[in-house]
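Single-structure report; data block below.
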Amino acid sequence: MVAEGDVRVVRCGGSRLNYRRAVFTADGKYLLCVSGDFIKLYSTSTEECIHVLQGHKNLVTGIELNPQNHLQLYSCSLDGTIKLWDFMDGILIKTFSVGCKLLALYNAKNGNCVYAITPKNNNEASDTFQLISIKLPKSVDQECEVTQLTVIFDDVSESPKCTAVGRDGEYIATARGLNLFVFYLKSKKLFRIPLSATSKKGTNNNFTVVTCHPEEDCIATGHEDGRIRLWRNFNHKQEYTYTSLHWHHDAVMDLAFSAQGTKLLSGGIESVLVQWPFGSESNREYLPRLGAAIEHISTSPDGSLLCTSHVDNKISIINASLRVSAIIQGLVKGNDVKTGLTIDPRSKALVLNGKPGHLQFYSLQNDKQLYNLDIVQHEFVQQAGLQYFDLVKAVFSTRGDWLATVEELQGQDIDGLEMQLKLWEFEDKSQSFVLNTTINMPHEDQVTCLCFQDSEIDSPILVTTGKDGLFKVWMLRDDSDIYKESSGWICDFVGSYHGNKATNCCFSSDGSLLAVSFEDIVTVWETNTWDLKETFCQPPGKIRNLCFGRMKSAKYLLASTDDGFINCWNLLTCALEWRAQLNVSILLSDSSSEYIAAFSCGSESTNLFVFKPDKPNPVYIQKDVCREKVQWAVFVPRDVPESIHSESHHWLIRSQLYFLTENQELMTFSTESPEEKLTPLSKQLAVEESMPVTPFHILLGKRRQQEQDLETEKISAGSHKAQGVVAIRELLHTPAHVLPAASVLCTMFVNSLLISKQAKSAGEGSKDVDMESEKSEDESEEEVEEIREEHELFPDAFSEEIPQKLLKSQEKELRRIRKTDYSWISAL
């Protein structure tokens, strides 16, 4: 049994930006949004990510600006903590431990008090939720426990959009089902406003969203039938009134008032932002064609900007004249990832399904979308029952010069199969893929797999397999027209095996062999002649995954079957090397190492097994990777290999393993703790460390490095100087609003100025060394020659340049120059 190490499963780039409402800063220059376990600070003008606030150990579920300080932010998480941040400097100021899961966060507008939604009795399986008031203790400690919790509502909706705080924290409005509740905090009065399930017109009155006017006693609610109601006089049981607004044909997904309350904004599945002037709602304005259904709406405190969060994981920043000024695009969350996860060899981007009919290229390093590639090139209309072409397969060539895609007709009541195979060539001029060849119906039935030959050859080869029982070899030929000025793809070979369905295919690492699985039989073909060399038929079980070993394990072929086994064959002996019982849903090899990863999905959790093909025993096991089923996985090569000492973690040195869950959460494995990932304070705040390298710096880089080395030697001789440098740097480079009291810094600063006796003796010792070095210059040439020979026996392996041997005449001239007095230059 392999011991489970310190490898952690963490949410990585691509988390949902639309999980909660985004928050503008007070000046509207920046936008804060939730992204998995992190909080991201974006510039509203450049769309760039400025800071990533890391510290929560679970999903962040709510963020709110601190009403007492507009440069600070509160956040809550499923880890049961509320954290206070200085978001402009990316510093965690304080952590409040609540002790229960927090699902939403609301500001009280006054005092050190916040509101949160938690499961009742802190039970994960509970379907009842409560709204509580949390008194944040005033303490100088960075971590403190919360002791004062008060339940306000014991039965509220789980959705944060169904609860809102009204007019400077005077009342709280919450909706559940067909009832609207209003609770006044000072008088402790509760008012309930019920609605009937349906009216005479057959409308659906269920509440979907609640928001409060910032200055007046007015509550706006959205409903399932697309209606918006403006409630007034709700502090009287029988005298409340409401105004009904209707434009949306489906459920209202979010509502928001402007900062001054002069406008009401609404959005839904129509992808249209509707602006209702408060008091004259008939003069509404529209911003159409936003690309996807609107899930959240936020407005800036200064009223200059607003933003909409969309279901495709996009945030649109809109100015006051209702024009989109910037777009922050995250990893697009589609209905289903049919292409799987692939890596573009050129950009090192993660490639998968994006918008319908598109491929998205997503940078894992920068956590942002690079661009979309329109594959289908058809206009997509979002309506139930319509037929449309969708992308189902995609694969890159080894060097990234070619991209192969397969698209199929989707929808209901399809008479026959319609399918296209497209080959795209990378164009250097446009730095994008351009369509080269379109092949209608490459197979008579669905395409099950496609792969490029994994070798650095000039003429690429593509293999496709289909349910029609055939695998086809496609090659690039320069005879697509009579002038032979362009190239196109043609079918060069067709293979089959006893009419069985071809399910998987893959090339060996050197491209000399092709393995094709036909249901429960694996065939091996030679790529030079396309001759069938061997067939492997073991105990029955249809082949689910197929892959070759890499590097030293290139002689092995592995396959997983749907009856719960992994088979490993030795291609040199054509014998079964070993067989293990494991129900594997995903089996993939790392192109940068010998390791192979296998995901075993059970009824309640998923386990990971990492092994080398030469041995059936895994080198690493990670149990309970996630509670959901893992859909896809991919090894991503690292730009710089990691330095990992643990032998069981060597599979993470050259590559990083990413996987996608059923809920389309992108996860990865990391050996670093959250504390190690945090950038040290001194590195975040030191300006000189982040300055770009200029040509002047390049010219004088060596000279400056030598001066720094001399200063380092002097500082090591006198420890008091090192302490002084650290003390002054922390004092001057730390923002004033996060510095501790002056009494705390005084002792450290004064001590740094004192000169100890040890420092003095060290200085005297350095003088003695200088005197000895002067005496050594007068030694004879024979002694110098002997010393040089001794040093040549142990060359410095870390030196950038190997010093050349000097002649005796050059050494005499060098000693004469050293004794010459150049002090007169200082007068100039």
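Does Val23 qualify as being of a type in the set (Val, Ile, Thr) and under 30 Å from Trp651 (Cα atoms)?
no
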Residue among Val311, Val272, Val209 that alone is in contact with a helix residue (DSSP H, G or I) (Cβ under 8 Å, 6 or more places away or on another chain) and closer than 30 Å to Glu47 by Cβ: Val209
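Residue-wise test of (1) among the basic types (Lys, Arg); (2) modelled with pLDDT of 90 or more.
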site	(1), (2)
Lys188	yes, no
Ser199	no, no
His213	no, yes
Thr221	no, yes
Thr243	no, yes
Ala251	no, yes
Asp254	no, yes
Phe257	no, yes
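Pick out the one residue from Val524, Val516 that is crowded, with 21+ Cβ neighbours inside 10 Å, at pLDDT 90 or above and in contact with a strand residue (DSSP E or B) (Cβ under 9 Å, 6 or more places away or on another chain).
Working: Val524 fails: crowded, with 21+ Cβ neighbours inside 10 Å.
Among Val524, Val516, only Val516 is crowded, with 21+ Cβ neighbours inside 10 Å, at pLDDT 90 or above and in contact with a strand residue (DSSP E or B) (Cβ under 9 Å, 6 or more places away or on another chain).
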Positions within region 414-448 being touching a residue at least 24 places away in the same chain (Cβ under 8 Å), outside any strand (DSSP E or B) and of a type in the set (D, E, K, R), in sequence order: Glu418, Glu444, Asp445
Subset tally (residues that are open to solvent by 40 Å² or more (accessible area, probe 1.4 Å) and polar (S, T, N, Q)) for region 136-158: 4
All positions within region 605-630 that are part of a strand (DSSP E or B) and hydrophobic (A, V, I, L, M, F, W, C): Leu608, Phe609, Val610, Phe611, Ile621, Val625, Cys626, Val630
Which listed residue is more than 38 Å from the chain's Cα centre (by Cα), within 20 Å of Val114 (Cα to Cα), touching a residue at least 12 places away in the same chain (Cβ under 8 Å) and open to solvent by 60 Å² or more (accessible area, probe 1.4 Å), from Glu216, Glu170: Glu170
Test for Asp254: is it within 22 Å of Asp168 (Cα to Cα), assigned to a loop (DSSP other than H, G, I, E, B) and in contact (Cβ under 8 Å) with a residue 60 or more places away in the chain: no
Filter result (assigned to a loop (DSSP other than H, G, I, E, B) and crowded, with 16+ Cβ neighbours inside 10 Å) within region 561-581: Leu571
Strands (runs of 3 or more DSSP E) fully within region 1-72 counting 2 or more residues that are in contact with a strand residue (DSSP E or B) (Cβ under 9 Å, 6 or more places away or on another chain) and closer than 30 Å to Arg167 by Cα: 30-35, 38-43, 60-66
Test: residue in region 238-254 that is touching a strand residue (DSSP E or B) at 6+ places or on another chain (Cβ under 6 Å), open to solvent by less than 10 Å² (accessible area, probe 1.4 Å) and of a type in the set (A, V, I, L, M, F, W, C): yes
Test for Lys338: is it over 27 Å from Ser459 (Cα atoms) and open to solvent by 30 Å² or more (accessible area, probe 1.4 Å): yes
Val351 being open to solvent by 10 Å² or more (accessible area, probe 1.4 Å), in contact with a Ser or Thr (Cβ under 7 Å, 6 or more places away or on another chain) and modelled with pLDDT of 90 or more: no
For Pro119: the one exception among (1) of a type outside the set (Gly, Ala, Ser); (2) buried (at least 17 other Cβ atoms within 10 Å of the Cβ); (3) more than 24 Å from the chain's Cα centre (by Cα); (4) closer than 16 Å to Glu64 by Cβ: (4)
Residue check for Val274: hydrophobic (A, V, I, L, M, F, W, C), open to solvent by less than 10 Å² (accessible area, probe 1.4 Å) and farther than 17 Å from Ala175 by Cβ: yes
Which numbered condition Ser325 fails, given (1) in a loop (DSSP other than H, G, I, E, B); (2) open to solvent by 20 Å² or more (accessible area, probe 1.4 Å): (1)
Residue under evaluation Gly466, criteria (1) at pLDDT 90 or above; (2) open to solvent by 60 Å² or more (accessible area, probe 1.4 Å), criterion not met: (2)
Positions within region 613-628 being free of Cβ contacts under 8 Å to residues at least 60 places away in the same chain and either acidic (Asp, Glu) or surrounded by 16 or more Cβ atoms within 10 Å (Cβ to Cβ) (or both), in sequence order: Asp624, Glu628
Strands (runs of 3 or more DSSP E) (entirely within region 121-236) containing at least 2 residues that are closer than 25 Å to Phe278 by Cβ: 163-166, 171-176, 179-184, 190-194, 207-212, 219-223, 227-232
Where Val524 falls short, out of the listed (1) of a type in the set (Val, Ile, Thr); (2) part of a strand (DSSP E or B); (3) out of contact with any Leu (no Cβ under 9 Å at 6 or more places or on another chain): (3)
Meets criteria (at pLDDT below 90 and either open to solvent by less than 30 Å² (accessible area, probe 1.4 Å) or of a type in the set (Asp, Glu) (or both)) for Cys547: no
Hits in region 16-36 - residues which are touching a residue at least 60 places away in the same chain (Cβ under 8 Å) and either of a type in the set (Phe, Trp, Tyr) or open to solvent by 10 Å² or more (accessible area, probe 1.4 Å) (or both): Arg16, Arg20, Arg21, Val23, Phe24, Ala26, Asp27
Whichever residue in region 582-612 is of a type in the set (Val, Ile, Thr) and farther than 12 Å from Phe565 by Cα and, among such residues, is surrounded by the most Cβ atoms within 10 Å (Cβ to Cβ): Ile596
Any hit, region 371-383, residues being touching a Lys or Arg at 6+ places or on another chain (Cβ under 6 Å), surrounded by fewer than 19 Cβ atoms within 10 Å (Cβ to Cβ) and at pLDDT 90 or above: no
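Yes or no: Ser77 under 19 Å from the mean Cα position of the chain (by Cα) and within 16 Å of Val146 (Cβ to Cβ)?
yes
The values are calculated or read from the model by the stated rules, or taken from the named source; none is laboratory data. Note that this is a predicted model, so its numbers are computed, not measured. Note that we place each Cβ from the backbone using ideal geometry, even for glycine, and neighbour counts take in every protein chain shown. These area figures cover heavy atoms from the full protein model, side chains too; ligands, DNA and RNA do not enter into them. Shrake-Rupley method; radii C 1.70, N 1.55, O 1.52, S 1.80 Å.
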